[in-house]
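Written below as structure tokens is the structure these notes are about.
Read the figures in this text as sums done on the coordinates, not as results from a lab. Only a predicted model underlies this, so the values are computations on that prediction, with no experimental measurement involved. So basically every Cβ, Gly included, is an ideal-geometry build from the backbone, and we count neighbours across all protein chains shown.
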Amino acid sequence: MTTIKLLPELLINQIAAGEVVERPASALKEILENSIDAGARKINVQLQQGGVKQIRVADDGIGIAKDELQLALTRHSTSKISTLEDLYQITSLGFRGEALASIAAVSRLTLTSRQAEQGHAWQILVEGKSISQPTPSSLTQGTTLDINDLYFNIPARRKFLKSEATEFAHCDEAFKRIALSQSGIEFVLQHNGKVRRHLRAANSAQRIASVLGEEFQQAATWTDEQSAEMRLHGMVALPAYARSSRDRQYFFVNNRFVNDKLISHALREAYRDILHLDRHPAFVLFLDINPESVDVNVHPTKTEVRFREPRALHQFIFHAINKALASPHRTTQSEQSDSVMRSYPKIGQTQAGKVSQPSSFYGTLFGTEARSTTTTPASINPVAPAARPHQLSTVNDSQDNHPLGFALGQLHGIYILAQNARGLVVIDMHAAHERIMYEKLKQTLDQHEMPMQPLLIPVTFYADHLEVAMVEENQTILDQLGFEIAVLSPTTIAVRAVPTALQHADIAQLARNILREIREYGASQILTAKRNEILATMACHGAIRANRKLTLEEMNALLREMEMTERADQCNHGRPTWFETSLADLDKLFMRGK
């Protein structure tokens with residue numbers, strides 16, 4: 001019969017280390033958090049052999065008093081909380097009082113610290129059960145922690161560590177997370193004697209650029225939204241920067257990196273309309289929230305949290321990111337680096353906020369009723385409808401007002417070439433028009449005003465039994481989508497009317513696709529969960545096709561619509577609709593001035 005017995009303190013700490021110190025990166029994270037809580041303004045990290053041989057962290061924080069050095073290495077000792085109430089309003093990164101004791105139990109540890117009022121520093125050594133008495137040492141200010149030979153006394157656990165390169169990569173990732181959340185602190189990271197990162201104190205945008213690089217910064221837009229006791233700010237990358245993995249996803253709650261399913265779902269939903277399902281968005285976001293509204297004491301590593309009002313938080317994050325991605329993105333790369341986003345009117349509004357009227361050629365390009373007597377407001381009117389390329393050099397003021405500039409011509413019937421105040425813009429006309437059509441269809445369906453265009457000659461086609469059944473069973477849904485479809489015989493269907501915007505599409509193929517999606521998704525889902533999928537199908541059919549010859553007036557009309565359409569920077573599949581190259585880049589390409 002087995003007996004119950006109390007585990008020795010060292011074994012307790014070694015067991016705890018299995019939760020807190022999974023690998024060198026875990027130890028590094030805990031130590032960095034302690035340095036930040038100590039008010040450090042500069043932190044120097046030195047690693048040897050991926051952190052397995054040595055992790056050395058030196059900070060200039062407030063330090064630890066001589067009489068508290070041994071206590072700091074005792075389990076469940078902390079200066080951050082003292083009552084149960086403190087646990088529910090945590091403002092520090094560390095608070096559980098387990099990290100140093102757990103790390104000391106599985107390494108050879110040296111702790112050196114000096115407070116400002118002390119004449120010199122004090123140092124203690126820990127190896128296994130042995131903890132030395134404090135001895136005098138030299139240190140200007142702050143705390144230096146040396147962790148050597150991680151898992152030296154647990155060889156079985158050490159075997160699970162990976163190669164030096166892999167362990168360093170994990171340490172570097174932990175370092176980046178901390179550095180992103182603390183832009184006002186200077187950080188240095190060295191590995192095997194070589195400086196890998198030196199991040200000087202900066203603002204948040206500068207720190208993001210320093211850590212993730214200019215490519216991310218140039219592909220991202222800044223967001224800053226506030227609601228009640230919550231504020232969300234940071235940078236979200238546009239769909240063109242989407243990744244095949246989640247390696248560029250950083251979310252911080254009160255400057256604590258978290259990996260939360262609720263937050264991940266809200267972000268994924270915000271990107272759902274503009275991103276391939278097998279791609280992952282990139283972002284660096286900071287959520288500031290009342291500490292009493294979030295429980296960070298859920299997991300030993302503190303990367304999981306629990307929110308008091310999860311539904312409200314989900315909606316707030318979703319709407320904030322959706323708004324940032326929906327705003328027409330019209331900054332150049334240099335402007336993006338300053339994290340400044342211009343604001344442009346929504347669909348159907350001019351810069352002055354007035355509802356725009358389509359000019360006569362809109363009937364051809366966008367499937368709307370032609371009104372030759374209506375003039376386009378000056379704020380969106382092309383510079384002389386039939387403007388020639390050489391005339392554009394005299395309208396720089398107008399180009400400044402229109403970020404996509406004015407059309408020069410078409411390339412291979414696929415792309416529109418345009419000139420703006422900064423240089424050359426290339427537009428994928430089908431992808432751009434598809435996004436415009438998609439947003440218009442969403443808007444009209446939401447307003448229950450889907451305009452219907454009767455066909456002078458109904459389009460008939462052969463149908464199988466399932467297609468006939470779909471027509472007979474879903475007349476209400478078809479009407480809401482703007483279709484009038486009738487069954488003429490057990491094998492024949494007639495399309496008598498379609499949404500006005502789609503009157504120039506391949507009617508038979510469009511009807512087949514709509515019926516197939518109704519069959520696939522089900523009537524109960526087609527106007528709710530799967531609404532956007534069916535509208536995307538409709539938009540694809542209604543968008544102008546490759547090799548369609550457009551006049552300059554029609555091209556400029558498309559550009560103006562793009563400037564007023566939400567999410568016009570990417571098509572419904574997450575691909576970019578346009579890109580810009582500056583005159584400076586063109587000069588470099590042709591080596592002008594050399």
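Before moving on, here are some points about what is shown:
- Among 175-183, 223-231, 407-415, the order from most to least packed when residues are scored by Cβ within 10 Å on average: 175-183, 407-415, 223-231
- Ranked Lys129, Lys159, criterion: other C-beta atoms within 10 Å, fewest first: Lys159, Lys129
- Total formal charge among the other residues, if their Cβ is under 9 angstrom from that of Ala536, Lys/Arg +1 and Asp/Glu -1: -3
- Of Lys66/Lys194; Lys5/Lys162; Lys129/Lys194; Lys53/Lys162; Lys176/Lys588, pairs whose Cα-Cα distance is over 24 Å: Lys66/Lys194; Lys5/Lys162; Lys129/Lys194; Lys176/Lys588
- Of the peptides 424-430, 61-67, the order by per-residue mean of other Cβ atoms within 10 Å, starting with the highest, comes out as 424-430, 61-67.
- Set of lysines with alpha-carbon distance to Lys323 below 25 Å, sequence-local pairs under 8 removed: Lys261, Lys346, Lys354, Lys440, Lys442, Lys530
- For region 48-67 versus region 452-508, the gap between their alpha-carbon centres in whole angstrom: 72
- Highest-first arrangement of 109-121, 444-456, 194-206, where packing means the average Cβ count within 10 Å: 109-121, 194-206, 444-456
- Region 471-487 residues near the modelled His448 label - backbone nitrogen below 18 Å, point 7 Å along Cα→Cβ: 475-483
- Which of Glu553, Glu269 has the fewest Cβ neighbours within 10 Å, and the rest in rising order: Glu269, Glu553
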